[in-house]
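The values are calculated or read from the model by the stated rules, or taken from the named source; none is laboratory data. Source: prediction; values computed, not measured. Glycine also receives a Cβ, built like all others from the backbone with ideal geometry; neighbour counts cover every protein chain displayed. Ligands, DNA and RNA are excluded from the accessible area calculation, which covers all protein heavy atoms including side chains. Shrake-Rupley method; radii C 1.70, N 1.55, O 1.52, S 1.80 Å.
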Amino acid sequence: MTGEGDPTPEDLLRSLAPQVLGVLTRRYGDFAAAEDAVQEALLAAALQWPEEGLPRSPRGWLIQVASRRMTEHVRSEQARRRREDLAAGREPADHWTAPAADSDAGADQDDTLTLLFMCCHPALTSSAAIALTLRSVGGLTTTEIARAFMVPDATMAQRISRAKQRITSSGVPFRMPDEADRQRRLDAVLHVLYLVFSEGYATSAGETLQRVELSREAIRLGRALHRLLPDDSEVTGLLALMLLTHARSAARTGPGGELIPLAEQDRRLWDVAAIAEGVALVTEALPRGPLGPYQVQAAIAAVHDEARTVGATDWPQILALYGVLEQLSDSPVVRLNRAVAAAMVHGPEVGLRMVDAIEASGHLTDHHRLYVVRAHLLETAGEREGAAANYRAAANRTTSLPERHYLTIRAARLGGAGER
């Protein structure tokens, strides 16, 4: 449906990591220690599998190795002393000795969704929950997450470590929360899930434009969440949004990994099955209500996806939908996107005035997206020199190398000097 091929070993490890972590956390009840054990197992796999080949059951192999590490950890005198106080208050008393470390009981159960709700525990701040989810569910390294948050590695390592300890000390059992608690965490879960997807669709830093495996994992979890909560309109809306956006992935990059903007993409490469599924989902969700931001964004994505050519795009409808989105969830990014839609309907001068207003309000003043939009609108208005200057300003601010390369080429083609 989404054009998935055979996974690379890296993709396989990333997809299996949260499942193995779920098994160990459920089995031993110590999220922080389980996360360390899984990381050691992943490292062992990265070293052994290229030399010895894939085991018959990669997931079982990882569970077994991580369980051994966990057992060694639990049996060490220092670890035992650290856990005595917590273990004393837990039931049953034989929690640490049953089941056996290499038992297969429950090993076939996919606990990733439970893990996602655990990472969005209300004891954590939003930034800590997002970082922990990206590490535990998304499979990103601490360095990758630090880049996404634009903080030093050491800072992110401390943030993740504190989040794990907070989960452990809270004594929260590893199980899906009850209905009331689930509703309380749902907004955070949807937000984090969309961030994982977005990091995959438009990687915030590095040499690749997108990390498709992350987007696929977010969609997989979105499907699982939709099966759990089929009547929740925003859950349905988020799944639709991810499918409709991911449908364009194959057309977003050229043979050398270079960025291809939406207006220049070969729409024959878009995933028509994913588009049909996304359109059906958002069509089902919108009349049911209550209306939410994910449904509206999915509706906007559907309008783009249903246009056979860029010239056939229904921009007045997109502009109207951004107006609704701004009322539901106002943010500088939403206003910036609405400026683009307004420019397509009423002309670039209208869009430029809206961009200037955003900047004058003190928002996005150093964000590359503001300069990209302004450059595009100036280019549309025929102001080549100003457009080139803003493309260069955007290139200097983005941390994505393919995007920087695209913006630099765009500026060079227009020529000119200076910065607006």
**Request:** Return a yes/no flag: does the stretch 13-25 have any residue that is at pLDDT 80 or above, in contact with an Asp or Glu (Cβ under 6 Å, 6 or more places away or on another chain) and over 16 Å from V137 (Cα atoms).
**Result:** no
**Message:** Among the residues in the stretch 172-187, are any at pLDDT 90 or above and more than 11 Å from the chain's Cα centre (by Cα)?
**Reply:** yes
**Asked** When you look at T236, is it modelled with pLDDT of 90 or more, over 15 Å from L116 (Cβ atoms), open to solvent by less than 50 Å² (accessible area, probe 1.4 Å) and part of a helix (DSSP H, G or I), yes or no?
**Response** yes
**Request:** Might you let me know whether the stretch 178-193 holds any residue that is in contact (Cβ under 8 Å) with a residue 60 or more places away in the chain, of a type in the set (A, V, I, L, M, F, W, C) and surrounded by fewer than 14 Cβ atoms within 10 Å (Cβ to Cβ)?
**Result:** no
**Asked** Of the conditions (1) closer than 29 Å to L12 by Cβ; (2) in a helix (DSSP H, G or I); (3) in contact (Cβ under 8 Å) with a residue 60 or more places away in the chain, M242 fails just one. Which one is it?
**Response** (3)
**Message:** Just checking, does the stretch 298-314 include any residue being under 28 Å from R410 (Cα atoms), in contact with a Lys or Arg (Cβ under 9 Å, 6 or more places away or on another chain), not in a loop (DSSP other than H, G, I, E, B) and not aliphatic (A, V, I, L, M)?
**Reply:** yes
**Prompt:** Checking Y406 against (1) touching a residue at least 40 places away in the same chain (Cβ under 8 Å); (2) open to solvent by 70 Å² or more (accessible area, probe 1.4 Å); (3) touching a helix residue (DSSP H, G or I) at 6+ places or on another chain (Cβ under 9 Å), which single condition isn't satisfied?
**Reply:** (2)
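From the list V350, V345, V340, exactly one residue is in contact with a Phe, Trp or Tyr (Cβ under 8 Å, 6 or more places away or on another chain), modelled with pLDDT of 95 or more, assigned to a helix (DSSP H, G or I) and under 30 Å from R392 (Cβ atoms). Which is it?
V345
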**Message:** Tell me yes or no: at least one residue of the stretch 295-307 is over 20 Å from Y201 (Cβ atoms) and at pLDDT 95 or above.
**Reply:** no
**Request:** Scan (1) modelled with pLDDT under 95; (2) touching a Phe, Trp or Tyr at 6+ places or on another chain (Cβ under 6 Å) for the single condition L414 breaks and write down its number.
**Result:** (2)
**Residue among L140, L134 that is surrounded by 21 or more Cβ atoms within 10 Å (Cβ to Cβ), assigned to a helix (DSSP H, G or I) and in contact (Cβ under 8 Å) with a residue 60 or more places away in the chain** = L134
**Prompt:** Would a scan of the stretch 318-341 turn up a residue that is out of contact with any Pro (no Cβ under 7 Å at 6 or more places or on another chain), in contact (Cβ under 8 Å) with a residue 12 or more places away in the chain, charged (D, E, K, R) and under 19 Å from R248 (Cβ atoms)?
**Reply:** no
**Request:** All but one of (1) open to solvent by 30 Å² or more (accessible area, probe 1.4 Å); (2) part of a helix (DSSP H, G or I); (3) in contact with a Leu (Cβ under 9 Å, 6 or more places away or on another chain); (4) more than 20 Å from L239 (Cα to Cα) hold for I160, so report the exception by its number.
**Result:** (1)
**Request:** Mind counting the residues in the stretch 51-68 that are surrounded by fewer than 17 Cβ atoms within 10 Å (Cβ to Cβ) and touching a helix residue (DSSP H, G or I) at 6+ places or on another chain (Cβ under 7 Å)?
**Result:** 1
